[in-house]
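What follows is a single structure, written as structure tokens, with notes after it.
The values are calculated or read from the model by the stated rules, or taken from the named source; none is laboratory data. All of these numbers come straight from a predicted model, not from anything done at the bench. So basically every Cβ, Gly included, is an ideal-geometry build from the backbone, and we count neighbours across all protein chains shown.
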Amino acid sequence: MSRILIDRRIRWGGVRSRRSDLLLISAIAVVGLAYGLGYRLDWSEEAGRPEEDQEVAEIAAPASISPPAVLPAPEAPSIGPAPAPSIVPDPRGVQWEAMTGELAKLAARYPGRVSIYLKDLKSGKTWMHHPDDLFPAASLIKVPVMVAAFYKIRDGQLALDERIAITRRNRVGGSGSLKWRPNGTRLTVRELLVHMINESDNTATKMILDRLGIGYVQQQFPRMGLLYTGIYEEGMSIRGGRVMHENYTTAREMASLMDRIYTGQAVDKVSSEVMLDILKKPKAVASRLAKGMPRGWEIAHKTGLLRQACHDSAIFLTPNGDYSMTVLTGQNRSYSLAKDFITKAGKVTFRHYAGPQYYAKATPRRRARAAR
């Protein structure tokens, strides 16, 4: 009995073993078939836990799909040189060139010696025609004499309210009204300086020079930047003929001295302001650079006329910008011709700085005068 039971168990165990093998083979076959069909078996440790890379539900595509927009390809960089930017000329610069060109033609046609120094006091732009040629200074020499007087005033050796008497020894003929005053008439240094510049009074000049000393004045010229300008006793003579020692100057140096006064660098700022006010005082007759000047302008200037020389050195104070202009002429056929030439040169600059509006408002008679 026991033996029969043992045999049956052995046979049943064999059957169970064969069934297990069949189940294992079936399971492997199913797995292989599932992966072949694209299915995935869940081997996660926790049943039902969504995975980080779980699939997204598939959305049905629309019936018609537009093709994607094609973006233009970027242009290839240019290998050649970049085109040069267009240059627009500065109207003010073009006008300046036109003005100076007109001045150059005017100077070339003049039948005498000419020197011109023009400077825009805002931009510093300059134009020159023979600026370093030497000319007899004539009464332009009275400007550095005035500056020398202010050096002495600054040093406490002279005062503007100091009075000096007219005597027979210091009375001089020629321009000015003081030669008619009686001996003993006392005038302040300020009054004498005004007469010397405003009337070009020779008696006032002699009185100032006697008080300063000609040697002292000569020593101050280098301090003013004057290297070619000189002053001598003979040069102060009002004779029409040649003298042994002439007072010479240049357009550049006279313009430079006027520029120093304008910028407050002649002696000091206060002295420069007083000198500029003296130079600005209206003359009895507007002539040379002051003739035909537009309304609303001011001019600070000094003229000179002696030994075939005719000059004017000026600072123009205008609404459209200040500028300086010095015109020297020599070997003149006549003084009237030289004066007219200086006036014409000044009017060329008026047209530049006053602009077309001024001349548009001018009367036909005034426009005709300005064109002459």
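Side notes on the structure shown:
- Residues that are closer than 30 Å to H352 by Cβ and either outside any loop (DSSP other than H, G, I, E, B) or free of Cβ contacts under 8 Å to residues at least 12 places away in the same chain (or both) do occur in the range 145-163, at least one of them.
- Flag if K142 is among the basic types (K, R) and either surrounded by 15 or more Cβ atoms within 10 Å (Cβ to Cβ) or part of a helix (DSSP H, G or I) (or both): yes
- Within the range 173-219, tally of residues that are part of a loop (DSSP other than H, G, I, E, B) and over 15 Å from Y232 (Cα atoms): 13
- Yes/no for Y232 being surrounded by fewer than 19 Cβ atoms within 10 Å (Cβ to Cβ), closer than 25 Å to Q308 by Cβ, among the hydroxyl-bearing types (S, T, Y) and touching a His at 6+ places or on another chain (Cβ under 7 Å): yes
- So I238, is it in contact with a helix residue (DSSP H, G or I) (Cβ under 7 Å, 6 or more places away or on another chain), in a loop (DSSP other than H, G, I, E, B) and exposed (fewer than 15 other Cβ atoms within 10 Å of the Cβ): yes
- As for the range 150-173, it holds no residue that is closer than 20 Å to A284 by Cβ and under 40 Å from the mean Cα position of the chain (by Cα).
- Looking only at the range 207-220, and only at residues there that are surrounded by fewer than 20 Cβ atoms within 10 Å (Cβ to Cβ) and touching a residue at least 24 places away in the same chain (Cβ under 8 Å), the one that is farthest from F135 (Cα to Cα): R211
- Selection within the range 309-332 - assigned to a loop (DSSP other than H, G, I, E, B), farther than 22 Å from I278 by Cα and at pLDDT 95 or above: Q331, N332
- Restricting the first member to the range 330-357 and to residues that are at positive phi, and the second to residues that are surrounded by fewer than 21 Cβ atoms within 10 Å (Cβ to Cβ), the beta-carbon pairs closer than 7 Å and six or more apart or on different chains are Q331/G112; Q331/R113; Q331/Q308; G355/N320.
- With respect to the conditions (1) surrounded by fewer than 21 Cβ atoms within 10 Å (Cβ to Cβ); (2) part of a loop (DSSP other than H, G, I, E, B); (3) among the β-branched types (V, I, T), V274 lacks only one, and its number is (2).
- Exactly one residue out of G230, G240, G304, G264 is under 15 Å from L317 (Cβ atoms) and of a type outside the set (S, T, Y), and it is G264.
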